[in-house]
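To start, the structure itself, in structure tokens.
The values are calculated or read from the model by the stated rules, or taken from the named source; none is laboratory data. Nothing here was measured: the structure is a model prediction, and the numbers come from that model. All Cβ positions, even for glycine, are placed from backbone atoms using ideal geometry, and neighbour counts span all protein chains on display. In case anyone asks, the SASA skips ligands and DNA or RNA and just uses the protein heavy atoms, side chains included. Shrake-Rupley method; radii C 1.70, N 1.55, O 1.52, S 1.80 Å.
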Amino acid sequence: MKKEDFRWKVALFDLDGVVFDTEPQYSVFWGGECRHYHPEQPGLEHIIKGQTLTQIFDRYFNDVVEEQPTIVERLNAFEAQMHYDYITGFEAFIKDIREQGVKTAVVTSSNQEKMNSVYRQRPEFKTLFDAVLTSEDFDESKPSPDCYLKGAARFDATPDECIVFEDSFNGLKSGRAAGMFVVGLSTTNAEEEIASLSDVVIKDYLRFEI
């Protein structure tokens, strides 16, 4: 690919299900929590996919507020020992676009403690991105466009100069609301479920170019 072929100035990536293939592991964690606190709602762990921790607590665990700090402790411990395996083709893809001058950033609802776990397991991670924006950087959670607009502002880019990579419904809506080109990854939800919220859908980064 040649630099003049690129339309985008900035590529903005969600983390789980977009950079890392971690969603199956989160299904295991939240499956245990949901069965413990809400056995009357089988499959709840699949409903909460793609939501922030605050959204999950507010919508599904507001009846056990006193237990929320304990759940956070268990989640932090779980994330510290998770496997952070890249989505197929991701490393080659991001290195390619960076060589062509595209700026890259992670825009995630994960907190800094989670990212510290990522950095310990993947010391090369920071070399793949020009910026990493976490939940501490945003005033509003996805599906608000706030996080992606802040990502664009980090590089003095306009929305039409940015391409977003997302897998969750809220994330896809966030990228759309920001007025950016949205690539949906069918790693968490089926292609037909996210197609209407995406400009293009891919299952991984093999043979994908921008």
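Quick notes on this one:
- The angle between the Cα long axis of helix 112-121 and the main principal axis of the chain comes to about 70°, on a 0 to 90 degree scale.
- Among the listed pairs LYS103/LYS173; LYS95/LYS142; LYS49/LYS103; LYS9/LYS114, those whose Cα-Cα separation exceeds 25 Å are LYS95/LYS142; LYS49/LYS103; LYS9/LYS114.
- Counting only protein heavy atoms and a probe of 1.4 Å, the accessible surface of segment 80-190 is 45% carbon and sulfur.
- What the chain shows is 47 Å² of accessible area per residue, with the surface traced by a 1.4 Å probe over protein heavy atoms.
- Volume of the Cα convex hull of segment 155-210, divided per residue and given in Å³: 80 Å³
- For LEU128, solvent-accessible area (1.4 Å; no DNA, RNA or ligand), Å²: 10 Å²
- Once both labels are positioned 7 Å from their Cα atoms along Cα-to-Cβ, the gap between GLU91 and ASN62 label points is 4.4 nm.
- Computed from the C-beta positions of ALA80 and HIS46, the FRET efficiency with R₀ = 22 Å rounds to 0.40.
- Taking Cα atoms only, the orientation of helix 68-80 departs from the longest principal axis of the chain by about 50 degrees.
- Accessible surface comparison of TYR205, TYR37, probe 1.4 Å, protein chains only, largest first: the order is TYR37, TYR205.
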